[in-house]
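Only one structure is covered here, and it is reproduced in the block below.
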Amino acid sequence: MRKSLLVLLSGMLAGVVFAGTAGPATAEQLQPVPKGKAALVANPLYKTGKLEPDACPEQPVHNDDAETAEIYLDFFLDCLNEAWGYQFAKAKLPFSKPRFQATTRSGVETGCGRFPKDAQAVYCPRNKKITFHLSKGILSEATELFLLEVMAHEYGHHVQQLSGIMTAFNSRKYRTDKAYLTELRKIELQAECLSGAFIGSIWRSLNRRQSDFSYVLRAAYDTSSHGKAKNIAYWLTRGFDQESPGACNTFSAPASKVS
């Protein structure tokens, strides 16, 4: 979930056909969703290789225009569903699409309570729903990559929920706030990396300059719940460069990379 343009908020952790020959796994072929430590450090998604690249060009969007922004997000949600649905099929894990709501008002019901003040977007694991606040701030820079990056980040939480990572995180016992925040940063930095992996996989179809991606990296800054700005940029770049969830195992990373 995201606060302001790029700073992450911890409150609620509570059409494109991609190339490839693998079809959806049948019920007989699916394996159980991993649990506990195995879900975190040895998840089957880590071994699925690169996301399948295909054209996912940006739809027209205008600054300060909520209507075109919602259309833009709906289109990328289709791309995200195709890309991650195929990835889950390779992992032989069950997949389902998230629900989605775009709103110009904060305070709407999300399924995990009211939308938090100043948040940009939240994912609720209870109803598998992404709620995206089309605030004046993000709409003022709608032609930048922020809409796409935030959407792909929230979808990363959906990936974590379906693959057992979020459940494993939420089921652990934390003796102190410090211990909880340490693990929460791994969740949020992993979602950052998963966002980068998706953006990297479709980058060639976006017709963007590298400076557009660099602008997103520079906008990050330190938060106690989501890590240092340099680590946010590190995981986003790592995912972008490798285009694979295998790049995103924050639960086996050195402490310095998830601080």
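Every read-out reported here was derived from the displayed coordinates using simple, explicitly stated rules and does not represent laboratory data. Please read these numbers as outputs of a predicted model, since none were measured by experiment. In this analysis, Cβ positions are derived from the backbone assuming ideal geometry, glycine residues included, and neighbour counts consider all displayed protein chains.
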Restricting the count to DSSP beta bridges whose residues both fall in the chain, what percent are antiparallel, rounded to a multiple of 5?
65
Here, the chain modelled as identical Cα point scatterers in vacuum has Debye log10 I(q)/I(0) at q = 0.08, 0.09, 0.10 Å⁻¹ of -0.27, -0.35, -0.43
Checking region 67-175 for trypsin sites (Lys or Arg not before Pro) in a loop per DSSP with at most 11 other beta-carbon atoms within 10 Å yields R105, K117, K173, R175
Fraction of beta bridges assigned by DSSP in region 90-140 that are antiparallel (%, nearest 5)
50
Residues meeting the amide H criterion for Q120 (H placed from the backbone, H to H distance under 5 Å, 5 or more places apart or on another chain) are R2, K3, S4
In debye to the nearest 20, the charge dipole size for region 217-259, taken about the Cα centre with +1 at each Lys and Arg Cβ and -1 at each Asp and Glu Cβ, equals 140
Across region 61-78, in residue order, what do the Karplus-derived ³J(HN,Hα) couplings come to in whole Hz, using 6.51 cos²θ - 1.76 cosθ + 1.60 with θ = phi - 60° and x for Gly and Pro?
9, 10, 4, 6, 10, 5, 5, 5, 5, 5, 4, 4, 5, 4, 5, 5, 4, 4
Beyond 19 Å, the calculated P(r) of region 141-246 holds a percent of Cα-Cα pairs equal to 43
Once phi is turned into θ = phi - 60°, what whole-Hz ³J(HN,Hα) does the Karplus curve with 6.51, -1.76 and 1.60 give for every residue of region 196-210, x standing for Gly and Pro?
x, 4, 5, 4, x, 5, 10, 3, 5, 8, 7, 6, 9, 8, 4
Would you mind checking K117/K230; K186/K228; K47/K92; K47/K178; K178/K228; K178/K230 for any pair whose Cα atoms are more than 22 angstrom apart?
K117/K230; K47/K178
Residue-by-residue Karplus 3J(HN,Hα) for region 139-145, coefficients 6.51, -1.76, 1.60, Hz, glycine and proline x:
5, 5, 10, 4, 7, 7, 7
Near the amide H of F100, under 5 Å away, which other amide H atoms are found, from residues 5 or more places off or on another chain, if H is placed in the peptide plane?
I130
Let me spell out the model: positive unit charges on the Cβ of Lys and Arg, negative unit charges on the Cβ of Asp and Glu, origin at the Cα centre of the chain. What dipole size does that give, in debye rounded to 20?
1320
